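Below: one structure, written as structure tokens.
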Amino acid sequence: MKRVILVGTGVLALAAGVFAQTPAGNFDAALAAAPAQLRDGAMVIKWKADGSYDTLRPGTNRLVCYDQSGDAGEQPVSSQCTSVGNLDRVKQNKVYEAKIADRTAREAALTELEKGGQRVKPEFGSVFYTRQGKDAATTRLHVTIAVPGATAASLGLPDNNKMGGAWIMNAGTSTAHIMTPGS
């Protein structure tokens, strides 16, 4: 009987330790956009209103994921993953999203940062995986590849979607990215 009690107490202590290390019990919402082969090694963070973040789980690869559900302007189901090299860029976006609610005004402010050379550049060639939707059944994965400063001439890709393939959006800016069809 003593062994059963000791084993039961040990299991409870172990379970308490696991739950203490993993807020909310799991990271499914934050990792929803992560590619399967990178999910287990991805860092998971929680953004704060001031643009800082808490690390909920350290990573073993360069992918960092976060749940955006509940953030202003986001779908009810929204998660994003990108390279850890893009955290300063995402931070700048989050700070401006918190500071300027109106999307048009916020984009104008970010454009002014771009013109003044103060817009943080994302890591060239890094991927942004974003999964969004009204609910789990209607989510859509959107994949873009950051190519700051790239143009149609420099990459050999069109700067519009009329050809039906990959194309550069916001060519020539720090926001330039390759749009991937079907995502």
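Quick notes on this structure:
- Residue within the range 96-114 that is touching a residue at least 40 places away in the same chain (Cβ under 8 Å) and of a type in the set (G, A, S) present: yes
- Any chance G172 is loosely packed, with under 15 Cβ neighbours inside 10 Å and in a loop (DSSP other than H, G, I, E, B): no
- Tally of residues being over 20 Å from S126 (Cα atoms) and β-branched (V, I, T) across the range 34-62: 1
- Subset of the range 108-131 [more than 25 Å from G182 (Cα to Cα) and either surrounded by 13 or more Cβ atoms within 10 Å (Cβ to Cβ) or among the aliphatic types (A, V, I, L, M) (or both)]: A108, A109, L110, T111, L113, E114, R119, V120, K121
- Number of residues in the range 103-139 that are small (G, A, S), over 24 Å from L31 (Cα atoms) and part of a helix (DSSP H, G or I): the value is 3.
- Top-ranked residue of the range 140-162 - restricted to ones that are open to solvent by 70 Å² or more (accessible area, probe 1.4 Å) and assigned to a loop (DSSP other than H, G, I, E, B), ranked as nearest to S79 (Cα to Cα): N161
The values are calculated or read from the model by the stated rules, or taken from the named source; none is laboratory data. The structure displayed is predicted, hence computed values, not measured ones. When we count neighbours, we look across all protein chains shown, and the Cβ atoms used for this are built from the backbone with ideal geometry, even at glycine. Surface areas here come from the heavy atoms of the whole protein model, side chains and all, with no ligands, DNA or RNA. Shrake-Rupley method; radii C 1.70, N 1.55, O 1.52, S 1.80 Å.
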